[in-house]
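I am attaching a structure below and will ask some questions about it afterwards.
The values are calculated or read from the model by the stated rules, or taken from the named source; none is laboratory data. Note that the structure is predicted; figures quoted are calculated from it, not measured. Heads up, the Cβs are rebuilt from the backbone with ideal geometry, glycines too, and the neighbour counts pull from every protein chain shown. Ligands, DNA and RNA are stripped out before the accessible areas are found, and what is left, the full protein with its side chains, is counted by its heavy atoms. Shrake-Rupley method; radii C 1.70, N 1.55, O 1.52, S 1.80 Å.
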Amino acid sequence: MPSKNMDGNKHYQYGIKSTLAQCWAISGVWFLQIELGAQAMISTVVIGALENNASKDANEFLSITSEEASWFASLIYLFTPVGNILSVLLLDRFGHKKCMILTNIPSIVAQIMLYFAENVEMLYASSILMALTLGFSNAPSLAYAGEVCEPKLRGALTSALNIFFYGGSIILTMVYSITMQWRLTVLLTTVFPILTIAILLTTPDSPMWLLAKGKHSKAHRNLSRLRGKVSYEKCENEFQEMVKYNSPSNNDEPNHNEDTDTWKQAFEPEVIRPFRLMTIYFFFMNLLSGLPLLPYLVSILHKFGAPVNVEWTISFSMALSIIGSLMAVFLIRTLGKRFLTLFTLSICSIFYITIGLIGVYWENSEPITSWIVLVLFLTTILISSVGITPVSWTLVSEIFPAKSRNILCSICTGLCFIITFFMAKYYPDLSILVEFYNVFTIVGIVGLFGCIYFYFCLPETENKTLQEITEFFK
């Protein structure tokens, strides 16, 4: 029998074997995040090496302009929704596991294409393929992570996705810092999709997906496996909760038609309210996490003016993101997603405003100010990776009702990367229009309005079952 804590939330009585089994099941998703993290930093490395003949490799013949660099940096976000649409079309049919395996194919092709790139068109094509990988992988990986974990572990294990994402980023930047050859660096990262495929072949399908396909016996067997190969009797209560959650009767309207089209459910309150919340959340996550700035980190660090090695500073920033993500794994369980969101968003907003004001009004002490703004900027990277970034991806994996989760995960992640595209594409133009440091001031002020919104509209979902979260939004 499941026990309940003082808040009425259910805990299923499994042991350490269950935790290890869930860690192994989600390890395929973790390795996929390493791959995606490396791809997210490829544009930073390539642009830093090729923009306006900046390459330190004497054998490099390729060069790109600032305008070409902005397109290369942003195309990976513009075409991500196409991958999301493809995953929507295939996910219900093939399931999370097969879709996560398929997503590695365009990834391998893109990295090989980058290695042999002879012109900017090949750079654009590889960026589009990486966008398809990023978009196609998000919905199956996030939905799978949310479905295979028991409630008390879901927040910690899914927030760990960011650790591996940033791990992939730091591996790529460190390899580049050592080799100083971007082509070799890209080629070496092809090991990640190969390892990901090998691991995914050993993990079970989601019991939730199997139930939706009518495969009750296999779903029960997989749940037993995910809980440390416990007896069917020991996981029976959780299995019945899953059956109830997937049942068409799980709806407040008595005349609800079992065959209602999934798209029609998009207008129900338990869909509209979390969808609106996640769209706004992804906007502020993009704004304050620095994600759209990643392709321009080389030029941003140069503008700060601190006497540091830029390549190793980028690696250090990714290390800070890993530290923040590790902290998030433990803090999400103890402090909750709501508190971490409000705290980290407000701190990042204040620090961005401070960077902007120092850069504009304290120019006479340049050696001091260059170090201060660099430290503040690196601190925002650490702080955002503790809260708003991991919380956003944890929320999207658990906040939607079962019958709409796959589609809505795809739509929300697609919208997230469309937001990232516009921010990444037009950051150089905005920086020219309002001047470099004023961008930070504007972003920080907007971020404070986000704090007000989330204070009134963001519920606490930590340690809640998927059923309880859905009921909240009805």
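With the requirement that a residue be touching a Ser or Thr at 6+ places or on another chain (Cβ under 7 Å) and either at pLDDT 85 or above or in a helix (DSSP H, G or I) (or both), what does segment 299-319 give you? Reasoning before the result, please.
Of the residues in segment 299-319, the ones touching a Ser or Thr at 6+ places or on another chain (Cβ under 7 Å) are 301, 304-306, 311-312, 314-315, 318.
Residues satisfying the conditions are 301, 304, 311, 312, 314, 315, 318.
Sticking with this one: Checking the structure you have, find out if any residue of segment 73-85 is open to solvent by 10 Å² or more (accessible area, probe 1.4 Å) and either more than 20 Å from the chain's Cα centre (by Cα) or among the hydroxyl-bearing types (Ser, Thr, Tyr) (or both).
no
Would you mind telling me which numbered condition in (1) open to solvent by less than 20 Å² (accessible area, probe 1.4 Å); (2) more than 18 Å from residue 291 (Cβ to Cβ) residue 184 fails?
Answer for residue 184: the failing condition is (1).
Inspect segment 77-87 for any residue being outside any helix (DSSP H, G or I) and not charged (D, E, K, R) and give the result as yes or no. Give the steps one after another, and end with the answer.
As a first pass, look at segment 77-87 and keep what is outside any helix (DSSP H, G or I): 79.
This time we only want the ones that are not charged (D, E, K, R), so: 79.
Scanning segment 77-87, I find at least one residue that is outside any helix (DSSP H, G or I) and not charged (D, E, K, R), so the answer is yes.
Quick check, is residue 260 modelled with pLDDT under 85 and open to solvent by 10 Å² or more (accessible area, probe 1.4 Å)?
Judged against the criteria, residue 260 is a match.
So the check is Cβ under 8 Å with 6+ separation or different chains; which pairs have a first residue in segment 100-114 that's open to solvent by less than 50 Å² (accessible area, probe 1.4 Å) and a second one that's not in a helix (DSSP H, G or I)?
Taking only residues 6 or more apart or on different chains, the pairs are 101/201; 108/190; 111/189; 111/190.
With the requirement that a residue be under 13 Å from the mean Cα position of the chain (by Cα) and at pLDDT below 85, what does segment 396-423 give you?
The answer is 396, 397, 409, 410, 412, 413, 414, 417.
For segment 433-464, what are the residues that are among the β-branched types (Val, Ile, Thr), surrounded by fewer than 19 Cβ atoms within 10 Å (Cβ to Cβ) and farther than 21 Å from residue 370 by Cα?
Selection gives 445, 446, 452.
Continuing with this model, one more query. Which of the residues spanning segment 310-342 are in contact with a helix residue (DSSP H, G or I) (Cβ under 7 Å, 6 or more places away or on another chain) and aromatic (Phe, Trp, Tyr)?
Let us first name the residues in segment 310-342 that are in contact with a helix residue (DSSP H, G or I) (Cβ under 7 Å, 6 or more places away or on another chain), namely 310-315, 317-329, 331-333, 337, 340-342.
The one that is in contact with a helix residue (DSSP H, G or I) (Cβ under 7 Å, 6 or more places away or on another chain) and aromatic (Phe, Trp, Tyr): 312.
Mind listing whichever residues of segment 194-241 are within 30 Å of the chain's Cα centre (by Cα), open to solvent by 50 Å² or more (accessible area, probe 1.4 Å) and of a type in the set (Ser, Thr, Tyr)?
202
Next question, about the same structure. Residues that are at pLDDT 90 or above, buried (at least 22 other Cβ atoms within 10 Å of the Cβ), part of a helix (DSSP H, G or I) and touching a Ser or Thr at 6+ places or on another chain (Cβ under 9 Å): does segment 359-372 have at least one?
no
Follow-up. Go through segment 94-134 and report how many residues are under 16 Å from residue 29 (Cα atoms) and of a type in the set (Asp, Glu).
First, pick out the residues of segment 94-134 that are under 16 Å from residue 29 (Cα atoms): 95-105, 107, 133-134.
This time we only want the ones that are of a type in the set (Asp, Glu), so: none.
Total meeting the criteria: 0.
Take the residues in segment 295-349 that are surrounded by fewer than 19 Cβ atoms within 10 Å (Cβ to Cβ) and of a type in the set (D, E, K, R); name whichever of them is farthest from residue 452 (Cα to Cα).
Result: 303.
Let me ask something else. Just give me the residues in segment 69-127 being of a type in the set (Asp, Glu) and modelled with pLDDT of 90 or more, in sequence order.
Of everything in segment 69-127, just one residue is of a type in the set (Asp, Glu) and modelled with pLDDT of 90 or more, namely 121.
When you look at residue 430, is it without any contact (Cβ under 8 Å) to a residue 40 or more places away in the chain and surrounded by fewer than 18 Cβ atoms within 10 Å (Cβ to Cβ), yes or no?
yes
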